[in-house]
1. To the nearest whole percent, what portion of all C-alpha pairs in region 135-209 is separated by more than 21 angstrom?
2. Averaging over every viewing direction, what projected area does the convex hull of the Cα atoms of region 192-248 cover, in nm²?
3. Within region 209-225, find all residues whose amide N lies under 18 Å from a label point positioned 7 Å from the Cα of residue 174 along Cα-to-beta-carbon.
4. Based on Cβ point charges of +1 for Lys and Arg and -1 for Asp and Glu, what charge dipole magnitude is obtained for the chain about its Cα centre, in debye rounded to the nearest 20?
5. In degrees, nearest 10, range 0 to 90: what is the angle between the Cα axis of helix 134-143 and the longest Cα principal axis of the chain?
6. In degrees between 0 and 90, to the nearest 10, how far off the longest principal axis of the chain does helix 226-238 point, with axes built from Cα atoms?
7. How large is the convex hull of the Cα atoms of the chain per residue, expressed in Å³ as a whole number?
8. Set the Förster radius R0 to 35 Å, insert the Cβ-Cβ distance between residue 195 and residue 56 as r into 1/(1 + (r/R0)^6), and round the FRET efficiency to 0.05.
Amino acid sequence: MTAAVDLHLHSDFSDGRLPPAELVALVARCAVHTFALTDHDTVAGLPEAAVAAHQRGLRLIPGVELSVTWAGHELHLLALGIDPDHPALRDGLARQAAIRRERARRIADRLARAGIPGALEGARDRARAGHITRSHFARHLVESGHVADFGAAFHRYLGRGRPGHTRSRWVSLEEAIAWTRAAGGVAVLAHPHRYRLSGRWTRRLLEAFRAAGGEGLEVACGGGSAGAFAGNADHARRHDLEGSAGSDFHDPANPWIRPGRLTPLPPDITPVWHRWPGAAS
Ligand code: AMP
Ligand code: MN
Ligand code: MN
Ligand code: MN
């Protein structure tokens, strides 16, 4: 299936592989006409994406994917339709950047103790504008020959419980939703099926999310199973949340994930993009 709307895409301003202008060219080739750039904790790629989208007559929804901590869990929130220059959001992103920098140092220290020195420099060299994610460490581990592939980097070093993993205290779910709304955006919980929460904890999370002003759930995701999709749709209905759809595209070398390769939302779920006049259906 290909959809005309894709509200979750990464550029090389975070851990995507394409610069925003090349990402926008690919989005156009994939027949997507309304898209959100949602880099991890940064809006720095939006100006370049806006120029490219304008040139091609595409609709850019300005976004960012925020890492948040809720009840000890690390979750991802998509802030969509934001004013990236809003002071509350700017301040929040500055806090996130400081948390990311400090975390990158801790990851590198842990990797050094596991026998891999120099990982901070390795990750930094691969991160445009110095905005380091675990994906940059993973690329360093692959390219310096410590692991065979990206998956192994997470499995052996960077995933939970592994030698290079460290728990971070990101901003709270409530704060991130508050900045999103202050900046005129809508808060969407990203890829709800990936958190490995029990039914009970998922219910608690969605209640807390809604109580804090969260309004959308990413029902359709790139790479998700039919079962995950159906489960997400049920959560959206039960908690009266709008539905979003996003590929979480990072890398053109991944054959499974393409901009717009998404299952359509069930007709009874209100698409979050109904808010933006002119967005495709
Ligand atoms: P961070 O936000 O720094 O924790 O980095 C998280 C990013 O790493 C995610 O957005 C994914 O792009 C990537 N990632 C996380 N886990 C895996 C995995 N098991 N395999 C491949 N990529 C992963
Ligand atoms: Mn990522
Ligand atoms: Mn995510
Ligand atoms: Mn993402």
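Each reported figure results from applying straightforward, stated rules to the coordinates on display, with no laboratory input. Please read all numbers here as calculations on a predicted model, not as lab measurements. Quick reminder, even Gly has a Cβ in these numbers, built from the backbone with ideal geometry, and neighbours come from all protein chains shown.
1. Values: 1386 of 2775 pairs.
Beyond 21 Å sits 50 percent of the P(r) for region 135-209.
2. Details: hull surface 14.4 nm².
The Cα convex hull of region 192-248, projected and averaged over all directions, gives 3.6 nm².
3. 209-215
4. Values: 35 positive and 29 negative charges, 181 e Å.
It works out to roughly 880 debye.
5. The angle comes out at about 50 degrees.
6. Here the helix axis deviates by roughly 60 degrees.
7. Per residue, the Cα convex hull of the chain comes to 118 Å³.
8. Details: r = 35 Å, r/R0 = 1.00.
Here the calculated transfer efficiency is 0.50.
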